[in-house]
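Okay, so here's the structure we're looking at.
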Amino acid sequence: MDTHQPRPATPLSPHGGGGGGGFSAILTVFLSFIAIFAMIVIPSSSTIRNGFSILHQVPEGHVGVYWRGGALLKTITDPGFHLKLPFITHYEPVQVTLQTDQVRDIPCGTKGGVMINFEKIEVVNRLHKDYVHDTLLNYGVQYDNTWIYDKIHHEINQFCSSHSLQQVYIDVFDQIDEKMKDALQGDCTRYAPGIEIISVRVTKPKIPESIRRNFEQMEEERTKVLIAIEKQRVVEKEAETNKKMAISEAEKVANVSKILMEQKLMEKDSVRKQQEIENQIYMARQKSLADADFYRLLKEAEANKLKLTPQFLELKFIEAIADNTKIFFGEKIPNMFLDQRLLGNFLQQLSRNVSEEEKSTA
């Protein structure tokens with residue numbers, strides 16, 4: 001009979017059964033591997049990144065927005081690396097810098113019923129960081145579909161329906177940009193204040209080919225008219241320039257003639273003044289000479305007055321008679337020569353006449 005001896009009992013581990021410690025270590029390593037895989041491998045896949053990743057990156061120019069169980073959280077993160085709960089928290093980056101939304105293929109009908117198509121309208125806009133939560137809470141991540149894409153379609157159709165093709169295509173085309181900008185910004189300011197419309201760029205719409213050819217012909221005719229008008233303006237400008245040049249030349253000649261005339265008048269006036277001065281000098285000289293002659297004669301008269309005595313006159317008479325070389329022949333000698341009384345009477349009469357003249361003069 002066989003006898004079986006019992007096997008010695010294995011000492012129990014303080015943590016449980018005999019193989020429990022090795023299993024726990026293996027489980028820990030496996031979970032660590034899964035965590036590393038979730039942090040490194042899964043975030044690289046853009047499809048399931050938001051649901052399963054723990055580590056995520058917010059790019060520059062964006063902010064991070066989070067949903068938990070479908071509810072928008074108030075948490076807003078800045079650019080950089082951040083952590084979140086996988087499977088529970090959903091994340092989306094939202095751009096807060098300038099962005100350009102291109103709205104394409106916008107059909108519209110003009111006031112006259114002509115269908116045209118705007119191939120592309122660009123809207124430069126920006127969502128302010130402080131209004132990110134409120135905007136996404138009311139209009140979702142695709143808020144620009146509501147306030148830019150759909151709004152552009154609406155405003156373009158409103159504009160076309162109130163204007164003719166001539167106005168839309170030519171006359172007021174340059175005003176469409178500002179009208180669209182004002183319309184978008186007005187509604188955004190009222191309902192979504194965080195959206196700022198910077199500018200709107202509208203391309204030329206496509207119109208039916210036959211109408212386009214008519215517009216081209218009209219533009220050609222208008223160009224010809226503008227060229228003719230411009231030529232006329234050039235001719236008028238040249239005529240006006242020539243007229244101004246002629247007037248300027250005539251004024252210059254007139255001014256030169258005036259200056260020459262003034263110069264001649266000044267010369268004549270100078271000659272006249274010089275002649276007046278010479279005349280004054282001559283008159284002064286003649287007056288001076290006349291005064292001198294008068295003074296000389298006056299003095300001679302005074303001297304003669306003093307000299308005209310009967311004795312002096314008798315002497316002068318005798319001298320005059322003595323100078324006479326005439327010889328008288330005949331029986332009788334003239335009485336004047338012999339009669340001394342006649343001589344005396346003559347001298348007395350002469351002296352009397354001189355005295356009377358002096359008295360009358362005095």
Check your understanding: Farthest toward the dipole's positive end in region 209-288, which of 277, 245, 211, given Cβ charges of +1 (Lys, Arg) and -1 (Asp, Glu) about the Cα centre?
Key -> 277
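Given a 1.4 Å probe and heavy atoms of the protein chains only, how would you sort 116, 259, largest accessible area at the top? Working shown, then result.
Numbers: 116 5, 259 105 Å².
In descending accessible area the options line up as 259, 116.
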Review point. How many percent of the accessible area of region 96-207 is carbon or sulfur, using a 1.4 Å probe?
Key: 46
Check your understanding: Near the amide H of residue 141, under 5 Å away, which other amide H atoms are found, from residues 5 or more places off or on another chain, if H is placed in the peptide plane?
Key -> none
**Study point:** Accessible surface, 1.4 Å probe, highest first, among residues 264, 120, 129
**Key:** 264, 129, 120
Exercise for review: Just reorder 266, 261 by solvent-accessible area, largest first, 1.4 Å probe, all chains present.
Suggested key: 266, 261
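Would you please classify the overall shape of region 55-94 from the alpha carbon gyration tensor, given that a ≥ b ≥ c denote the square roots of the eigenvalues, rounded means a/c under 1.5, and beyond that prolate means a/b larger than b/c while oblate covers the rest? Write out the running numbers ahead of the final one.
Working: a/c = 2.48, a/b = 1.50, b/c = 1.66.
Oblate shape, in that a/c is at least 1.5 and b/c is the bigger or equal ratio.
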Check your understanding: Within the set 111/179; 179/231; 151/206; 111/181, which residue pairs have Cα atoms separated by over 25 Å?
Key -> 179/231
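Rounded if a/c is under 1.5, else prolate if a/b is larger than b/c, else oblate: which is region 96-207, with a ≥ b ≥ c the root eigenvalues of its Cα gyration tensor? Each step should come with its number before you reach the end.
Details: a/c = 2.39, a/b = 2.30, b/c = 1.04.
Judged from the Cα gyration tensor, region 96-207 comes out prolate (a/c at least 1.5, a/b above b/c).
Once Rh for region 209-288 is found with the Kirkwood sum over Cα pairs, what is the Stokes-Einstein diffusion coefficient at 4 °C and 1.567 mPa s, in µm²/s?
On the way: Rh = 19.1 Å.
For these conditions, the coefficient is 68 µm²/s.
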Practice item. Quick one: accessible surface of residue 293, probe radius 1.4 Å, all protein chains present, in square angstrom to the nearest 10. Key: 70
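The values are calculated or read from the model by the stated rules, or taken from the named source; none is laboratory data. Predicted model, so just to flag it, every value in this text is computed and none were measured. Quick reminder, even Gly has a Cβ in these numbers, built from the backbone with ideal geometry, and neighbours come from all protein chains shown. Ligands, DNA and RNA are excluded from the accessible area calculation, which covers all protein heavy atoms including side chains. Shrake-Rupley method; radii C 1.70, N 1.55, O 1.52, S 1.80 Å.
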